[in-house]
Structures are given as C-alpha cells and as structure tokens.
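The values are calculated or read from the model by the stated rules, or taken from the named source; none is laboratory data. Note that the structure is predicted; figures quoted are calculated from it, not measured. All Cβ positions, glycine included, derive from the backbone under ideal geometry; neighbour counts span all protein chains shown. Heavy atoms of the whole protein, side chains included, go into the accessibility calculation; ligands, DNA and RNA do not. Shrake-Rupley method; radii C 1.70, N 1.55, O 1.52, S 1.80 Å.
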Amino acid sequence: MDYRQYPSYPQGYLTHLFLGFIAAAIGAVAFPALLSRHYEAVTFLVLAATQFRDIRTLERDSLLALEETELVPRGAAYIEGIAKVFEARNYVAMFTALWTGGVLLLFPGRLRWGFLLALAGAGALVLLLERLMSGRRVGDYATVRKAPLHFAGPFLYAGEVQLMNVGRPEARQAILDYGLGAIITPVDLNARATLASPGQRQAILHDLSAILGIRRDVDEAEFTPMARLNHETGEVGLVILPVKRDEAALVEAIARVPVIESVKRKPTAAAAGRRASDAGGEWG
Amino acid sequence: MDIEGQLLAVVTVNERKVIGDIPIFLAGSEEEMNRWALILSRTTRAMVHELDSEVLLLVKH
C-alpha cells in the first residue's frame, strides 16, 4: 500500500482518485455558492476538511493493520508521514478547483481568456504544490557509501559502527555471504538529529527491503536488517540481506528514502542548538 | 504492551555459568549448542546472542 506502489493497487488507486474528485467538486462550487449568498457553503468546506482528516485516519489504520504482515515494518513515523501526504493531496485538488472556479467567475464575459488563465494557473498550482510537498530525501541530508561488513567476536560491524550481536557462527557466515553494509554520514547537526530518529531509520530499512528485496523469513531474527548509530560521529551504520546483492542500488535506494516530516529536527534553529553546534566545531 | 528484549532461554555447554528459573539447555558440545540454538530461535522467533563462547542467549526483541 505504498504511495509509490499504487499502480499495483487498482482498488486503492480508485478510492483515492474518487476522493480527489469529490475534493475538486467542493472546491469548484465554493466561490459560486458564496457569490450567490449561499453562506452555508462554508459549512460544507468545514465538512470537507473533516472528511479529509478521515482520509488520513483511513490510510493510517490500513497501514498499521498491515504492519504485522510486513517482514520489515514501516514504523509509526513513516505511516504517519504517508497518511499526511494522502490528506494533503486532497487539499491540492480542492485548492486547484477553487482557483479554477474563481478565475472563471472573474472573467465570465471573455470565457476563452478566463478558461486559458484558469487552466494554466491550475497546472502551475499543481506543479508548485507537488514540488512543495515532495519534501527532502536522505540524500539531501547525508552522504551514503557502502561499507564492509565484518565481525569482532559475535559483534557485527558495518565499517566502524557496531550493529548487533549474532550468536550462531553459521548466521555470521550467512550475513557475510549475503549481506550488504552501508554508512550514512549526516551533513550537519540538523541532519544528525533527524537521522538519529528510530522512525527515520526504520523507514530507511523498510524502503530498502521493499526495493532490493529481503532475504529473510518471519522466523529468522538473525537476518533482520538493522541501522545503528555511531555516537562519536552521528553516522548511521546499516546492514541488510537483500535478494539482489547490488551495492550501487543500495546506496542509491538509501539516498532516495524520503525524510519523514514529523521526525525532522532542527536544533540549530534554537539559540542553544546553535551554541552547541558552534562549540562542537566539527559541525561548523 | 508486549515485553521486548525478553530473555526466553539459555543454551550452554557449561552449567556452572548459568543459574535461574528460565529454561536452560545443557548441550554436550558447542556444535550441539549451536544446533539447538538454531532450532529454538526458529521456533520461538527469537534472536540468538552470544554471551561468551560457552553460553548462547535467546532473546525476543
């Protein structure tokens, strides 16, 4: 039920397409209704906002219900982010229809010009809002590179970052044979705080397993993908056992994971955070 | 709320290293210890961690 996997979900696609139509219809009639002194139209806008909040709930509930069936769960933070996007899309549809309806009302006599202006404006609005909504990606916050996996005793490392304790020698060998490691290095203090969020790290692992596949079944805890912090540097070390062992694809996939809105941190926006950043030197 | 990080069982070849009221499996060799740990791990869906070369822990995360 990922928003990027929608073509494979015709039912879900249809649901949201029609909810979008409803949103657009409400937006389109808002101005005409108000101009003809039908102020109760405002009530319908409020009703619509409630309706859209329900869409968020609907997406959240459905994704949360699927969590148990996922080999690598999305995590609550990612689900909340996805649900918000679904809600926001309806506002885009409504706002665009509002604009189109408004322009057509302003130029009633010269219908052709009004039509063109409305159309161009609507197109520009959709592009602008989509751009604003598309958000940042891990690649904007950090540099990603592949890292060799190795064991020190039972402890698995990706580069210098310790990941987990693997008890069985056969499992260690399997991880070395099939696993891929990566290091995500945040570019500044803000990025470091964001990547440290367990929700963001879980989102990365989920996306990786969705894109590269995951060589793991439900009863194989040893092959759980893992992302852990290096407290000295803020780097995130990561291991995954993908179906296809392609290091370039791994790095590319990590860089393209969206940064979740609700876990974004900006400590340097606060005076104390800036002081900490200056004192650290390293983050300049 | 589910309890996470719970110790389910211990597999060991050295009974002097483990006491307590959790299941303790005393294996005859390190090979047997590893094989038992695999079976227990798959059946309980728990992770096998190494405490030292003679003691394996099964932890449900």
Item to complete: Net charge near A:E261: determine it from the other residues with C-beta under 11 Å of the C-beta of A:E261, scoring Lys and Arg +1 and Asp and Glu -1.
Response: +2
Worksheet item: So which lysines pass the test for B:K17, namely a Cα distance under 22 Å, with those fewer than 8 places away in the same chain ruled out?
Response: B:K60
Worksheet item: How about A:K146: which lysines have a C-alpha closer than 18 Å to its C-alpha, ignoring those fewer than 8 places off in the same chain?
Response: A:K244
Worksheet item: Given labels modelled 7 Å from the Cα in the Cβ direction, how far is it in nm from B:D52 to A:D217?
Response: 3.5
Worksheet item: Working out 0.36 nm times the residue gap between A:V187 and A:A25, then minus their Cα-Cα distance, what length gain in nm do you get to one decimal?
Response: 53.9 nm
Worksheet item: What distance in nm separates the simple spin-label points at A:L106 and B:R42, each placed 7 Å from Cα in the Cβ direction?
Response: 7.0
Discussion item. Please compute the length gained on full extension between A:L119 and A:T43, using 0.36 nm multiplied by the number of residues separating them and subtracting their Cα-Cα distance.
Written reply: 24.6 nm
Worksheet item: Among the lysines, which fall within straight-line cross-link reach of A:K266, defined as a Cα-Cα distance under 25 Å, with same-chain neighbours fewer than 8 residues apart omitted?
Response: A:K84
Worksheet item: Local charge sum around A:A196 (other residues, Cβ-Cβ under 15 Å, Lys/Arg +1, Asp/Glu -1)?
Response: +3
Worksheet item: In Å and whole numbers, how far do the C-alpha atoms of the protein assembly as shown stretch along each principal axis, longest first?
Response: 93, 47, 37
Worksheet entry | Label-point separation in nm, B:L8 to A:D278, each point 7 Å along Cα→Cβ | 5.4
Worksheet item: Anyone know which of A:Q200, A:Q162, A:Q173 comes out most mobile in the 10 Å Cα GNM of chain A?
Response: A:Q173
Worksheet item: Looking only at other chains, what is the average number of their beta-carbon atoms within 10 angstrom of each beta-carbon in A:142-154?
Response: 1
Worksheet item: Hey, what number do you get for chain A at 222 nm if only DSSP H runs of n ≥ 4 count, each worth -39500 (n - 2.57), divided across all residues, to the nearest 500?
Response: -19000 deg cm²/dmol
Worksheet item: Which loop-located trypsin sites (Lys or Arg not before Pro) does the range A:9-90 contain, where loop means any DSSP state but H, G, I, E or B and the Cβ has at most 12 other Cβ atoms within 10 Å?
Response: A:R37
Discussion item. Before I look further, what does the protein assembly as shown give for accessible area per residue, probe 1.4 Å, in whole square angstrom?
Written reply: 55
Discussion item. As an exercise, identify the GluC sites (Glu not before Pro) in the range A:201-284 lying in DSSP coil whose Cβ has no more than 16 other Cβ atoms within 10 Å.
Written reply: A:E232, A:E282
Discussion item. What does the net charge come to around A:N90 if you take all other residues with beta carbon closer than 15 Å to its beta carbon, with K and R at +1 and D and E at -1?
Written reply: +1
Worksheet item: Considering only DSSP beta bridges with both partners in the protein assembly as shown, what is the antiparallel share in %, to the nearest 5?
Response: 90
Worksheet item: Are there GluC sites (Glu not before Pro) in chain B that DSSP puts in a loop and that have at most 16 other Cβ atoms within 10 Å, and which ones?
Response: B:E4
Worksheet item: Once A and B are treated as a pair rather than alone, how much accessible area drops out, both sides summed, in Å² to 100, probe 1.4 Å?
Response: 1200
Discussion item. For the range A:139-280, what are Rg and Dmax over the alpha carbons, in angstrom?
Written reply: 15.6, 51
